[in-house]
Amino acid sequence: TMPELKKLVKARLVKAGVTEDAEVDWLIAAALRKKRGELASVEKTTLAEYRRVAELADKRVKGVPLDYIIKRSDFYGIKLYVDENVLVPRLDTEILADEVIKYINSRNGGEGLSVLDLMTGSGCIARAIAEKTHASVTASDVSDGALTVAARNLEGTGAEVVKSDGFSELGGRTFDVIV
């Protein structure tokens, strides 16, 4: 039953030092391929579902960040895809993004400005800037894995994704803002 499953998962996580109750629900929801709010309607799980829950719980017990396990991170009110190719966005990064967005918006909303998110990783900063300003955004990284994640997160924003080691592949372009 769902209450028994939650109790088992919680006990395993607590034993490993993970004490956040919400992580139990997030792991189970990911394993069952449901939204967290849908768990209340689940009474029982199948053996296959139990095994998927146990597999995800094993990863968490081994120290894999929850965001990597559920392949999702929330950043600046935006749901992002994340995996082991990128760092999980942190609160400090949201503060940086917020300051940059304020700066850009203080300059005519960013209209006509070009912004480079250097070493973009997940593309979280570029995505926030693309959504909250009118600036032209370029996201660059040297890692193919990071660029795949960034491209997925920037889809539909109009942001450009470029493979570049620092500035080497940007063709001498100049930018009004570099993050």
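The values are calculated or read from the model by the stated rules, or taken from the named source; none is laboratory data. Owing to the predicted nature of the structure, the values given are computational and were not obtained by experimental measurement. We place every Cβ from the backbone using ideal geometry, glycine too, and count neighbours over all the protein chains shown. Accessible surface areas use protein heavy atoms only, side chains included; no ligands, DNA or RNA. Shrake-Rupley method; radii C 1.70, N 1.55, O 1.52, S 1.80 Å.
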(Q) Yes or no: region 80-93 includes at least one residue that is more than 24 Å from LYS35 (Cα to Cα) and among the acidic types (Asp, Glu). (A) yes
Q: May I ask you to list the residues in region 152-179 that are open to solvent by 60 Å² or more (accessible area, probe 1.4 Å), among the β-branched types (Val, Ile, Thr) and part of a loop (DSSP other than H, G, I, E, B)?
A: THR174
Q: Please enumerate the residues belonging to region 88-114 that are out of contact with any helix residue (DSSP H, G or I) (no Cβ under 7 Å at 6 or more places or on another chain) and polar (S, T, N, Q).
A: ASN105, SER106, ASN108, SER114
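If a residue must be touching a Ser or Thr at 6+ places or on another chain (Cβ under 9 Å) and either surrounded by fewer than 16 Cβ atoms within 10 Å (Cβ to Cβ) or of a type in the set (Ser, Thr, Tyr) (or both), how many such residues does region 132-151 contain?
Within region 132-151, the subset touching a Ser or Thr at 6+ places or on another chain (Cβ under 9 Å) is 135-142, 146-147, 149-150.
Checking which are either surrounded by fewer than 16 Cβ atoms within 10 Å (Cβ to Cβ) or of a type in the set (Ser, Thr, Tyr) (or both) leaves us with 136, 138, 140, 142.
Qualifying residue count, region 132-151: 4.
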(Q) Quick test for you: out of LEU80, LEU13, LEU27, LEU66, pick the one residue that is more than 25 Å from ILE129 (Cα to Cα), open to solvent by less than 20 Å² (accessible area, probe 1.4 Å) and either touching an Asp or Glu at 6+ places or on another chain (Cβ under 9 Å) or of a type in the set (Asp, Glu) (or both). (A) LEU13
Q: For region 65-119, enumerate the residues that are at positive phi and touching a strand residue (DSSP E or B) at 6+ places or on another chain (Cβ under 7 Å).
A: MET119
Q) Of all residues in region 44-59 being of a type outside the set (Val, Ile, Thr) and touching a helix residue (DSSP H, G or I) at 6+ places or on another chain (Cβ under 6 Å), which is least open to solvent (accessible area, probe 1.4 Å)? A) ALA57
Q) Name the pairs: first residue in region 4-18 and more than 21 Å from GLU43 (Cβ to Cβ), second residue part of a helix (DSSP H, G or I) and of a type in the set (Gly, Ala, Ser), Cβ to Cβ under 8 Å, at least 6 apart or on different chains? A) ARG12/ALA57; LEU13/ALA57
Q: Quick one: count up the residues across region 142-169 that are of a type in the set (Asp, Glu) and under 19 Å from PHE75 (Cα atoms).
A: 1
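Are any residues in region 117-129 outside any loop (DSSP other than H, G, I, E, B) and crowded, with 24+ Cβ neighbours inside 10 Å, and if so, which ones? Before the answer, list the steps.
Quick first cut of region 117-129, residues outside any loop (DSSP other than H, G, I, E, B) only: 117-118, 124-129.
Passing the criteria: ASP117, CYS124, ILE125, ALA126, ARG127, ALA128, ILE129.
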